[in-house]
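See structure below.
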Amino acid sequence: MATHTLTPALHQPRSLRGARAWAWATLAFFVIVVLEGAVVRATSSGAGCGDHWPLCNGEVLPHFQRVATVIEFLHRSLTGICTAMFVGLIAWTFYATPKRHPARLASVVAGILLLLEGALGAVLVKGHYVEKNISDARSVVQSIHFTNTMLLLAAATVVAVLLGRGMRAVGAASLRKPTIVTLVATIVTGATGSVAALADTLFPSESLRAAIAADFAVNSPLLIRMRWMHPAASVLAICGALWLSVLLKRNGSVKAANLLILNLVMQVLIGVADVVTLAPTWIQVLHLLGADLFWITLSALAVPVLFPRAMDRIAEI
């Protein structure tokens, strides 16, 4: 039976090692930006800078008369720093790698997704899909925005993995289908999770029983009636991750399988706590952190499975 293994190179140019370290640093900082964005949403601070974008209340450095302004301005500031880090990552990747290196294409994809991320953020602000807006349009934009965020996280992860020069992968064909299924299910889980979190923020419940009853009440807003989709999608993602982990172990990737299961168990436990405690802000942020770590782990494991030729090409360079 075919297995997939990764063998690190003994020697790497300093510029390549530096680029890879920068890629992981950029990814880590982007996670911080995503978490701070969750704070913006949970505290209804999205209009803290008015409908101005990218300036805050029409100023580079606004007057901080409201807490919402501080929170939103901090998010925009962190986003600006992260954008500069992504630009640096793209430039460093092209400098440190030869022509047609797979990491170059991945970095360009990350750059495109970064531009989309900024555009979607502008749509949220300029379209007034913030604070207490409960329109169906906000649900749609929110889902698209978070889906793009997940894709950008994945792209940054792929860049970091592909910059691991000298790593050869031979992936079993049996791993491709469960990997794709788990990736898609996780994206759907993330998109529906962003809507569920928004519903928890705009329509807080007094008890778990009241929250469940509201989910199936005919007169409940669409946001609440969509909330059930998140746990339903989560079940699919869990099944996919378990399926993938079993096949990874059969193919000799025990450490990879255990890492995936560890992230999965942690995320499930935090998700249950989120529901039971009626989603306070701090646990929403913790739940999102767990989701990001699970997604990054899954994305990293998917690279040698879905792109074995790219990994083999890197090993030959």
Fill in the blank from the handout: In order over the range 46-60: 3J(HN,Hα) from phi, Karplus 6.51/-1.76/1.60, θ = phi - 60°, whole Hz, x for each Gly or Pro, gives x, 9, x, 10, x, 9, 8, 7, x, 5, 10, 6, x, 10, 5
Problem - Between 0 and 90°, nearest 10: helix 14-42 axis offset from the chain longest Cα axis - result: 20 degrees
Practice task
Specify the angular offset, from 0 to 90 degrees and rounded to the nearest 10, of the alpha carbon long axis of helix 176-202 from the longest principal axis of the alpha carbons in the chain.
Solution key: 20 degrees
Exercise for the section: Using Cα pairs closer than 8 Å and at least 6 residues apart in sequence, work out the relative contact order for the range 13-165, in percent. Expected result: 36 percent
Problem - Within the chain, helix-based [θ] at 222 nm, where runs of 4 or more DSSP H residues each add -39,500 (n - 2.57), nearest 500 - result: -25000 deg cm²/dmol
Handout entry: Inverse of mean 1/r across different Cα pairs in the range 185-310, Kirkwood, Å
Key = 15.6 Å
Practice task
Using R₀ = 22 Å, calculate the FRET efficiency as 1/(1 + (r/R₀)^6) where r is the Cβ-Cβ separation of ALA213 and CYS239; round to 0.05.
Solution key: 0.20
Handout entry: Kirkwood Rh, angstrom, the chain [1 / mean 1/r, Cα pairs]
Key = 20.7 Å
Problem - Local net charge near LEU288, Cβ-Cβ under 15 Å (Lys/Arg +1, Asp/Glu -1) - result: -3
Handout entry: Cα-based helix-to-principal-axis angle, 254-276 vs the chain, degrees rounded to 10
Key = 0 degrees
Fill in the blank from the handout: Checked the range 108-261 with the C-alpha gyration tensor, a ≥ b ≥ c its square-rooted eigenvalues, rounded below a/c of 1.5, otherwise prolate if a/b is larger than b/c and oblate if not; verdict oblate
Problem - Extent along principal axes [Cα atoms of the range 1-135; Å; largest to smallest] - result: 56, 38, 22
Practice task
May I ask you to derive the relative contact order of the chain, considering only C-alpha pairs under 8 Å and at least 6 residues apart, and to give it as an integer percent?
Solution key: 26 percent
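Every read-out reported here was derived from the displayed coordinates using simple, explicitly stated rules and does not represent laboratory data. Keep in mind the model is a prediction, meaning the values are calculated, not measured. Here Cβ is always computed from backbone atoms with ideal geometry, including for glycine, and neighbour counts include all displayed protein chains.
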